[in-house]
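Rule-based calculations on the coordinates, nothing more; no lab input. Treat the numbers as computed from the prediction; the structure is a model and nothing was measured. Here the Cβ positions follow ideal geometry from the backbone for every residue, glycine too, while neighbour counts run over all protein chains shown.
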Amino acid sequence: MEIELHKLGRRFNRDWIFRNMDFRIREGSRYAVLGPNGSGKSTFLQVLAGSLTPSEGRVVYRLGNGTLATEDVFEHLSMAAPYLELVEEFTLRESIEFHFRFKKYLPGLDAEEITRILNFGQFSHRQIRHFSSGMKQRLKLALAVCSDTPLLLLDEPTANFDEQGIQWYHALVERFATGRTLVICSNQPHEYRFCPEQISITDFKS
């Protein structure tokens, strides 16, 4: 998927989070959205996902030879972020099956394989509310990255991860994100070191 940003801006009350953003996110490329905490990275990602409306400007989504309406783009993206909630009463297996009622698996994957990728086989019937914060973050990442969508949006992907979790994240992206349009919001270099393109939110302050 290719995304064009035309004079894009978002504000809360009188404060502009970002403004006058003209940019093209190329199909199949990897981008890191950079900036200090509170600079507006997550807000930008939510505008990109279509869950927040721009205060000015527009976002154009191109897929194949056509364009997508903003209200339809959710079908073609998957997203993981610390602030996105899981259904705490679901078991691991129920969480996976519920998610993939709305998204397609990447070719060759199913619920059992994703459980193996997570290395959570012994937790298949444990409710999510009994998972640690790191385990929940792994599950969010696996659900997003293993969905068959051309656009992948990740916000602070290794939040609550130890070194082993960070290595797992790199292996997940390397295995399943190749050829997809990837946008990562981060201020941690280890999260985006494989992204050749960078967007600095602070460059678009009014």
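Odds and ends about this structure:
- Descending semi-axes in whole angstrom, ellipsoid equivalent of the chain, from the Cα gyration tensor: 29, 18, 16
- Spin-label pair Phe23/Ala171, simplified geometry with 7 Å Cα→Cβ offset, distance in nm: 3.1
- Relative contact order, percent, the chain [alpha-carbon distance under 8 Å, six or more residues apart]: 32
- Footprinting exposure proxy for Lys104, Lys205, Lys140 (fewest neighbouring C-beta atoms within 10 Å first): Lys104, Lys205, Lys140
- Relative contact order %, region 81-162, counting alpha carbon pairs below 8 Å whose residues are six or more apart: 44
- Cut-off under 5 Å, modelled amide H: who pairs with Leu52 long-range: Val47
- Computed from the Cβ-Cβ distance with R0 of 45 Å, the FRET efficiency linking Glu112 to Gln198 stands at 0.75.
- Members of Lys7/Lys41; Lys136/Lys205; Lys41/Lys136; Lys7/Lys104; Lys104/Lys205 lying beyond 26 Å, as alpha-carbon distances in this model show: Lys136/Lys205; Lys7/Lys104; Lys104/Lys205
- For Ile17, nonlocal amide neighbours, meaning residues 5 or more places apart or on other chains whose placed amide H falls under 5 Å from its own, are Arg10, Arg11, Phe12.
- Helix 133-145 axis, angle to the chain major axis (alpha carbon atoms, nearest 10°): 70
- The Stokes-Einstein estimate for region 77-182, based on a Kirkwood radius over Cα pairs and taken at 25 °C with 0.890 mPa s viscosity, is a diffusion coefficient of 179 µm²/s.
- Estimated vicinal HN-Hα couplings, Hz - region 33-46 in sequence order (Karplus 6.51, -1.76, 1.60; Gly, Pro = x): 9, 10, x, x, 4, x, 7, x, 4, 5, 4, 4, 5, 5
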